Amino acid sequence: MKRIFLLLLGLLLLSGCQPQKHDSQTFAMDTIMQFTAYGPKGQQALAHASARVQELDQLFSVTRSTSEIYAVNHAQGEPVALSEDTARLLAQSLELCSQTGGALDITAYPAVRAWGFTTGDYQVPSADELSALAAQIDYTQVELTENQVRLPDGMELDFGAVAKGYTGEVLAQELRELGVESAILTLGGNVQTIGSRPGGDPWRIGVQDPEGDGYLMVLSLVDQAAVTSGGYQRFFDADGERYWHIMDPASAAPARSGLTSVTIVGDSGTQCDGLSTALFVLGWEDAAGFWREHQGFDAVLVDEDGRIAITAGLEDRYVLGPGYEDRTVEVIRP
């Protein structure tokens, strides 16, 4: 499960008649989630959000024996009926896999497990093992018909690259329907905003320096999501090499694209979550090309040489963080 490190910056300055602030915290999807909502409906909405997160976790968990994903992975090739949420997320995920040419592949779970990222028992698989694992990664083999899915025996699904983004997106929509106009949801680092901050200012989200403890830049968001994937988030060292959890489906090994961090900003939390992984796998040039072709989202790219680039939609929506004011930021244009 990806841990995405984004920081909410710029504390709300309370003055005059500010709407009441409500906070809640819950543990789900292997991470701590923190929710803040403003206004008279906030407390009721956050209670709903906490319950809804647990419901989705019960559906999407790859390790919980009662989950729908676990049932699919252990069905030995037989079809499995899915709930509306699982079928919807699976359909959206397969579309993202297709759009990215397989740079995102939700059948890569056996590779993540083989490297030890699911258990903490880290190891470097042999070349033969990697070849066998890569042969089992192929999202095109997933057969989804309405609310029923069939997965070839031996393959396994994992929503780790999309589940928190989808959850944030669902919560945002449902909280709006409950009357919430201003809220921020932090799901293990994935950030989903609802409206703007009380008073009308944008939410301010910091993007971590993948090589340090500071924040490269601060992004302004209104009613959008922001998700970062980086090699610095989950990794282990062995024989002088660093291996991270973001897998290249083509090799069943950690992606070596030259990028160290990708942040995606957009209206769809699911898309942001999936593309943050996919563009990390694609690398600088192909990620920029993908944005030019598809757009509908924005991105921050950081590579191992310290280069920083943003897509054109963020040009007026960022400031460099403290200590990074002298850094050059390239702008990727259509």
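The values are calculated or read from the model by the stated rules, or taken from the named source; none is laboratory data. Computed from a predicted model, the values in this text were never measured in an experiment. Cβ sites come from the backbone with ideal geometry, for glycine too, and all protein chains shown count toward neighbours. These accessible areas exclude ligands, DNA and RNA; they are computed on the full protein's heavy atoms, side chains included. Shrake-Rupley method; radii C 1.70, N 1.55, O 1.52, S 1.80 Å.
Side notes on the structure shown:
- The smallest convex shape that holds all Cα atoms of the stretch 162-276, its convex hull, gives 105 Å³ per residue.
- 18 Å cut-off, amide nitrogen to a point 7 angstrom out along Glu129 Cα→Cβ, residues in the stretch 213-245: 235-245
- At 1.306 mPa s and 10 °C, Stokes D of the stretch 134-196 from Kirkwood alpha-carbon radius, µm² per second: 111
- Pair Thr119, Gln34: separation of 7 Å Cα→Cβ label points (nm): 3.4
- Computed [θ] at 222 nm, deg cm²/dmol, the chain (DSSP H ≥ 4; -39,500 (n - 2.57); rounded to nearest 500): -9000 deg cm²/dmol
- Surface analysis of the chain yields an accessible area of 43 Å² per residue, using protein heavy atoms and a 1.4 Å probe.
- Surface composition of the chain: carbon and sulfur make up 46 percent of the accessible area, probe 1.4 Å.
- Pairwise centroid distance, computed over Cα atoms, of the stretch 203-217 with the stretch 132-169, Å: 31
- Of the options (i) 9; (ii) 27; (iii) 15, only one is percent of Cα pairs over 37 Å apart as computed from these coordinates, and that is (iii).
- Nearest-0.05 FRET efficiency for Asp326 and Leu144, computed from C-beta distance (R0 51 Å): 0.55
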